[in-house]
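Here's the structure we're looking at; comments come further down.
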Amino acid sequence: MKFEHREIPEGINVTKVHPLRELAVLLGGALLLIALLLYVLGLSAGFLAQYIPFEMEQKLTASFPVDEPRYTEIDNYLARIKAEVVTAMELPEGMEITLHYSSDDTVNAFATLGGHVVAFRGLLEKLPNENALAMLLAHEIAHVKHRDPIVSVSRGLTISTVLTLVLGQSDLDVLGNTGLYTMLHFSREMEQAADIEALEAVYKIYGHTQGADDLFRVIQAYHKKLGEKDSFEFLQSHPLDLKRINVIDSYAESNHWKSNGEPIPIPPKFFKAMNKSVQHVDKSS
């Protein structure tokens, strides 16, 4: 057997793929795996969070900040509407709702852990009737009933923890008030389910659905005032205002609910009391 010496071809150990392209593929794969991990863990945390006892939520929010002074006329009226909504919605035993009024001009309301619901003057003073007010409170209470706050916070906490492990740092104050509010991002599905549940409550209370969609017309008008235009729905966490109106109107029609009725006006003294709350804050500041 004769040995033959052959020259080693050049570039035999060199890949034909550019190194930067290989790096991009590796980084892209790593990011995809991290995103998939976050998605799976977020879903799992949200699913399991539904089984956390409501009493634990209440303990977590035992020190919920209540800096706002008490306003008898405002609190009494809101408490009456809240009681009617809670009765109509048939909340699970032990689930209590604590309603907070804020004299801030923020056009918003939100539900958070432990059954706490905050309603801002900025939105309340724009509501045209009591039916719209009931729809607003029922919507936020529906989030509590569906356990949306604990699901949302659990997902946010899980994602924040994973990112902290991956990146080595986190600027999110998870257990502080800011952290809890930051994590309260309800999905479009959560919002739509809360809208339907709220509409059912309004119908039970008043015997018709007239005035319920006024809540969303107020929000829609406010968005237009700010110059905000309807964008693609997939870019938003909330359904588009017009779509929300159409959905609840269609739902009422499909159930053959009476849609025409006489909305109940909000007592003038309620608006006067809200104006006084603003003056009180201005004097104290």
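Quick note: the coordinates plus some simple rules give every number you see, no bench work behind them. Just so it is clear, the model here is predicted, and its values are computed rather than measured. In this analysis, Cβ positions are derived from the backbone assuming ideal geometry, glycine residues included, and neighbour counts consider all displayed protein chains.
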Report, by chain and number, residues whose modeled amide H sits under 5 Å from the one on THR98, excluding near sequence neighbours (fewer than 5 apart, same chain).
HIS116, VAL117
Show the residues, 5+ positions off or on another chain, whose built amide H is closer than 5 Å to the amide H of GLN210.
GLY261
I need MET135, MET89, MET56 ordered by Cβ neighbour count within 10 Å, fewest first.
MET56, MET89, MET135
Ranking of THR106, THR112, THR98, THR61 by count of other Cβ atoms within 10 Å, fewest first
THR106, THR98, THR61, THR112
